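Quick notes on the structure that follows.
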Amino acid sequence: MSTLNKITVTNSSNLDPKNYTVWVAGFIQQMKTVTLPKTKKQEQVPTYMALQSDGSFLLSSSETAAFMKIDNGMVVHVPDVTNYGNNRLVFTVTAVGSKAPTALSPITGYTAYPFPGIPGVAPSGPYDIFEFGPNAQYDTSAVDSLGINLSFTVKNDALTYGTVTAFTRAEIGASFQSFMASDPLGSNGFAQLLYTNPTTDDYPDVIKGQFSAIVAPKDWLAIYPSATGLKGFWTDTVDACFTKGNQLNFYLNAANVGTYSGTSDGTKFTLTGPASAKVADQITYSIPKSDFAKNQGFIQAVRAKSANETAEEYGTFGQIEAALFEALSRGVLLDGVVPKGKTIADNYSSDAWIKISNWYTTHKNAYNSVDSKYDAYAKFMHHGTVTPKNGKPETIFGLNKGKTFGMAYGFSLDESPNVSQNWNADNNVPSKPEYNIGSGQDVALVIGPWIPAVKLI
């Protein structure tokens, strides 16, 4: 099996291997054809190639991938096979003498971190995920809940994706605390997202006395849906957005491209837009308020596909909701809403939603002049900084081409906007390259430091 490219993993944790172990497990999804015994029909079912100690991948008979020690790093050989998605490397760190991490299952997966919830496998220590695949975009996806400070670079690409390798986890944790203490919304339930102690007896391992994870709000709320703090955080914004008679008009540049417009009846927006990428007909899409109510501003809810809609229509529905969730997270949703009785211009909403000077600020929104709310956790991932000694603040996460934002991935689909005809790609959030990484495009993946490197005299 030929190698498409290599991922060179460097362990820069500076943890003493006598006391701590760095682990990795990984898999690549493939498909195989099986014949159903009753109907004799053939069907495609997933199979999984597991990462081996020499960096290669072999088909796994158990559909799991064992964790391997990589204190000295390793070179992963990405095979030149068809990409079906669902490919990842998972890293974790445990204290020497702790139980080895449970084998990685691409089917069961890990539970919300760092809570030993059900369903899912609870990792032994802090962990993070690197998503990759043959001829695919690569990303450090688990900044959705920061467990390990990972970063990567791609051959002939000047950007750094993920955490800047100069900063330790201790510095990142301290930055999160000070950021939330000073941010207008940060202390309103977000400060609790930094975990410095085990959540249950001996779980997870606390390494060097540092935080277990900086937890995404959706993970927190998945475990504590009725807890104080972030409960009902979006209520006023969502109520205002879905007020009866309110209007939206935006340009969607994903799924069925074009302009979508409509009004709210108080319980839902009914939006008219392209029915198909191939047909000029129009169709209506119903966007219910319930998908955004209560805690859903952090936990996007996309309904299952209806029997009477095509896959294309369902995909468009999901992209419309994604656009609203992105705008909500960034604090600009109400900038794109026009009340009943006023004229709304074409693409008014999307033009307002991509005005980056309003992102993550408590500006007076254009709808009712109330201070906008935003996801302060996502704001930290874009704008959190560390100030080196005798230096100026530097963004924790690698900056985009426009030098405007650090990495963000997740956070109610807080990726590059899927709206507007005028978005400047230099302002994309660099959680992942905009291109597929293919033949010869080797990747350098770094496990960031827990502690500063020891200087040799």
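Derivation of every value follows stated rules applied to the coordinates shown; laboratory data play no part. Just so you know, these numbers come straight off a predicted model, no measurement behind them. When we count neighbours, we look across all protein chains shown, and the Cβ atoms used for this are built from the backbone with ideal geometry, even at glycine.
For the stretch 235-372, the Cβ-based charge dipole about the Cα centre amounts to some 200 debye (Lys, Arg positive; Asp, Glu negative; other atoms uncharged).
Over the stretch 235-372, Cα pairs under 8 Å with separation of 6+ residues give a relative contact order of 25 percent. D by Stokes-Einstein for the chain, Kirkwood Rh over Cα pairs, 4 °C, 1.567 mPa s: 55 µm²/s.
Can you tell me which lysines have their Cα less than 17 Å from the Cα of LYS342? Leave out same-chain residues fewer than eight positions away. Straight-distance partners of LYS342: LYS244.
Straight-distance candidates among the lysines for linking to LYS99, with alpha-carbon spacing under 21 Å and chain neighbours fewer than 8 residues away dropped: LYS18, LYS69, LYS208.
Express the Stokes-Einstein translational diffusion coefficient of the stretch 235-372 in µm² s⁻¹, to the nearest whole number, given a Kirkwood radius over alpha-carbon pairs, 10 °C and a viscosity of 1.306 mPa s. It would help to have the intermediate numbers written out before the result.
On the way: Rh = 15.1 Å.
It comes out at roughly 105 µm²/s.
Picking from LEU334, PRO274, THR310, whose Cα lies most toward the positive end of the charge dipole for the stretch 235-372 (charges on Cβ: Lys, Arg +1; Asp, Glu -1)? Value: LEU334.
For the stretch 114-241, evaluate the Debye formula with one uniform point scatterer on each Cα (no solvent term) and list log10 I(q)/I(0) at q = 0.23 Å⁻¹, rounded to two decimals. Here log10 of I(q) over I(0) equals -1.42.
A full extension of the chain between ILE107 and TYR435 corresponds to an added length of 115.4 nm, given 0.36 nm per residue minus the alpha carbon distance.
The modelled label-to-label distance for the pair LYS355/VAL302, using points 7 Å beyond Cα in the direction of Cβ, is 2.9 nm. For the stretch 294-372, applying the loop criterion from DSSP together with a ceiling of 14 other beta carbons within 10 Å to the GluC sites (Glu not before Pro) yields GLU309. Ordered from longest to shortest, the equivalent ellipsoid semi-axes for the stretch 46-168 are 22, 20, 15 Å, each the square root of 5 times a Cα gyration tensor eigenvalue.
Sorting 35-47, 246-258 by average packing, meaning the other beta carbons within 10 Å per residue, from highest down gives 246-258, 35-47.
Once the Kirkwood radius over Cα pairs is known for the stretch 211-267, the Stokes-Einstein relation at 37 °C and 0.692 mPa s delivers a diffusion coefficient of 226 µm²/s. Remark: relative contact order (the chain) = 19 percent; criterion is Cα-Cα distance under 8 angstrom and separation of 6 or more residues.
Taking the alpha-carbon distance from LYS373 and a cut-off under 19 Å, which lysines remain once sequence neighbours fewer than 8 residues away in the same chain are dropped? Straight-line reach from LYS373, under 19 Å: LYS218, LYS231, LYS289, LYS294, LYS355, LYS364.
Based on the Cβ-Cβ distance of MET1 and LYS389, what FRET efficiency does E = 1/(1 + (r/R0)^6) give at R0 = 45 Å, to the nearest 0.05? Mind dumping the intermediate values first?
On the way: r = 48 Å, r/R0 = 1.08.
For MET1 and LYS389, the calculated efficiency is 0.40.
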